[in-house]
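Participant: I have a structure here, written as structure tokens, and I will follow up with some questions on it.
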Amino acid sequence: MKTSKQPTQFEQLCHATQAEQLDLVSIPIIQQALKGKISLENYIEFLTQAYHHVKHTVPLMMLTGSRIKQPEEWLRVLMVEYIEEEIGHEQWILNDIAACGGDKQAAANSEPSFATELMVSYAYDSISRIDPLCFFGMVHVLEGTSVQLATNAANKIKESLNLPQKAFSYLISHGDLDVDHQKFFEDLVNRLDDEQMAIVIKSCKRFYQLYGNIFRGIAA
């Protein structure tokens, strides 16, 4: 008699947060982007807010690594690889803004939206106050959403706004081309135990809401 295959930890994470993921994707401006029906101003605003949270990625990774306990030293080692891959991505975003005809210096000097500030603040707070594994809830939301949507959105926006390819280095690098990076994350999650997964799942649900609020603010 065949027994059903036990879902992996990563599969459980995806299943447990499916409702939140669908809620994010249903946000009107995301649906508009997937059809290429957003304005240049909204695309630049998206990039600006992305800059304001992506510039915290490496510091958040460093904080996570510093908070990991000795029994999970393997996880700290993997964080080093993550950090090396993420350094400088915020500069790609500023270059995309310039390629769109925007002022990248003005974007860099601007204040983040309140929604962006809240997501970044919660990331720092949850890593320090709750558990460093909270960071991986944010990773799943940002990278998982990008792998699923970014390349398609980039192609549609490029066509509708007649923008050059160099205006999409951030979206394309975090889209289909980032599948290997997602596999790295999947393998990492599959090594966590059930107690650790509960932390990641709860964090992921929070970050879906926080990240969605950034897009809701752009559409306002």
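Participant: Indicate the gyration tensor shape class of the range 103-220 (rounded, prolate or oblate), computed on the Cα atoms with a ≥ b ≥ c the square roots of the eigenvalues: a/c under 1.5 is rounded; otherwise a/b larger than b/c is prolate and the rest oblate.
Facilitator: oblate
Participant: Using the count of nearby Cβ atoms within 10 Å as a rough guide to exposure, how do Met62, Met138 rank from fewest to most?
Facilitator: Ascending number of Cβ neighbours within 10 Å: Met62, Met138.
Participant: Relative contact order of the range 18-219: what whole-number percent is it, with Cα pairs under 8 angstrom and at least 6 residues apart? It would help to have the intermediate numbers written out before the result.
Facilitator: Values: 234 pairs, mean separation 69.2, N = 202.
Here the relative contact order equals 34 percent.
Participant: For the chain, what is the convex hull volume of its Cα atoms per residue in Å³?
Facilitator: 128
Participant: Can I ask one more? Most exposed first by the Cβ proxy, i.e. fewest other Cβ within 10 Å, how do Thr8, Thr145 rank?
Facilitator: Ranking Thr8, Thr145 by Cβ neighbours within 10 Å, fewest first, gives Thr8, Thr145.
Participant: What is the magnitude of the charge dipole of the chain about its Cα centre, with +1 placed on the Cβ of each Lys and Arg, -1 on the Cβ of each Asp and Glu, and no other charges, expressed in debye to the nearest 20?
Facilitator: The calculated dipole for the chain is roughly 460 debye.
Participant: Using alpha-carbon positions, what is the distance between the centroids of the range 1-74 and the range 112-190, in Å?
Facilitator: Here the two parts' Cα centres lie 5 Å apart.
Participant: Still on this structure, I have one more. Rank His56, Leu75, Tyr211 by how far each Cα sits towards the positive end of the charge dipole of the range 18-219 (+1 on Lys, Arg Cβ; -1 on Asp, Glu Cβ) and give me just the farthest.
Facilitator: Working it through, the farthest residue towards the positive pole turns out to be Tyr211.
Participant: Computed FRET efficiency, Cβ-Cβ of His15 and Glu111, R0 45 Å: what is it to the nearest 0.05?
Facilitator: 0.75
Participant: Let me ask you something else. Determine, for the range 1-158, the count of lysine pairs separated by eight or more sequence positions (or lying on different chains) whose alpha-carbon distance falls under 13 Å. Numbers along the way, then the final one.
Facilitator: Details: Lys35/Lys156; Lys35/Lys158; Lys37/Lys156; Lys37/Lys158.
Close lysine pairs found across the range 1-158: 4.
Participant: Next question, about the same structure. Kindly put Met119, Met61 in sequence by how many other C-beta atoms sit within 10 Å of each C-beta, fewest to most.
Facilitator: Final ranking by Cβ density, sparse to dense: Met61, Met119.
Participant: Using a Förster distance of 41 Å, how high is the FRET efficiency between Ser26 and Lys69, based on the Cβ-Cβ distance and rounded to 0.05? Each step should come with its number before you reach the end.
Facilitator: On the way: r = 38 Å, r/R0 = 0.93.
With a Förster radius of 41 Å, E is 0.60.
Laboratory data are not the source of any read-out in this text; all were calculated from the coordinates shown. The structure presented is a predicted model; accordingly, all values stated were derived computationally and were not measured. Cβ atoms come from the backbone with ideal geometry, glycine included; neighbour counts cover every protein chain shown.
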